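To keep things clear, I will list the structure first and then write my remarks on it.
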């Protein structure tokens, strides 16, 4: 009897605390609009492409001047016993670079071939100066015949600069798809770049013997020029679908690229006119001439770019899921 009583009390207690089924309230399910991005399809490797890039360029340059001289007996000529003062300098400068490109690609299975042109801004400059004194240069005979030998000290000043500016190229590209989303490619073609050079020279011949002579001659000249220099460029890179890195911003149309190129403009020359004064009436004394400058310019560049296929949407398409 005692167990029956306890069981009845427990049953009544459970019934008292339990709620009817129709009294239970279920919280409403909130439907939230979400934005989902499906796996992007492989990018289109055919057709026109355009884009922009930024990066860094390193510009090795060389400048040599083998032509400016002033001698007591020949002026701007170079006789035996009157050596020319060598002047030259070299160096490398780095610069931020940015620009744009446009091209056209055709896909053949896993191969992609195309053409591309680009133009970029950069700037790097090297310069040098030199001041020298050369004593004991033999001069003309002076005084009554048979004359007395004269000697002179030559004082010279040199300065020069070489600057690289904007550049561009027209190239062929050929690559292989290592995955449907990633292209490894090589590129080569012609290049052009804006290159400026400058040079100045000043010299004086001051007598050291016999006493009482005045300055024999002075010479000077300066010049500068800018030119568009043609050369070649070679390199390679990786181009991949940007949606793999930035799915919230770009669809399969956008491609991210990493590219290295070497560009060489070769060796080129410039002549700067010089003029001498003082002893121009003396036989054999050359009063006009040229300083001849040899220059060389090249650059290495690493660029990160973003390209788009012309005529396709840039942003991805989202759908609302309820």
Scan segment 252-272 and give yes if some residue there is touching a helix residue (DSSP H, G or I) at 6+ places or on another chain (Cβ under 8 Å) and either part of a strand (DSSP E or B) or farther than 28 Å from residue 118 by Cβ (or both), otherwise no.
yes
Determine if segment 113-123 includes at least one residue that is in contact (Cβ under 8 Å) with a residue 24 or more places away in the chain and within 20 Å of residue 204 (Cα to Cα).
no
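Of all residues in segment 307-322 being in contact with a strand residue (DSSP E or B) (Cβ under 8 Å, 6 or more places away or on another chain) and buried (at least 16 other Cβ atoms within 10 Å of the Cβ), which is modelled with the lowest pLDDT? Can you show your working first?
Filtering segment 307-322 down to residues in contact with a strand residue (DSSP E or B) (Cβ under 8 Å, 6 or more places away or on another chain) leaves 307-311, 314, 318-321.
Next cut, buried (at least 16 other Cβ atoms within 10 Å of the Cβ) only: 307-309.
Values: 307: 93, 308: 90, 309: 85.
Going through the qualifying residues, I end up with 309.
If the requirement is being exposed (fewer than 15 other Cβ atoms within 10 Å of the Cβ), modelled with pLDDT under 95 and not in a strand (DSSP E or B), which of these qualifies: 135, 145, 140?
Every option except 145 fails the conditions.
Here is a list: 186, 219. Which entry is in a strand (DSSP E or B) and surrounded by fewer than 19 Cβ atoms within 10 Å (Cβ to Cβ)?
186
The values are calculated or read from the model by the stated rules, or taken from the named source; none is laboratory data. Keep in mind it's a predicted model, so treat the numbers as computed, not measured. All Cβ positions, even for glycine, are placed from backbone atoms using ideal geometry, and neighbour counts span all protein chains on display.
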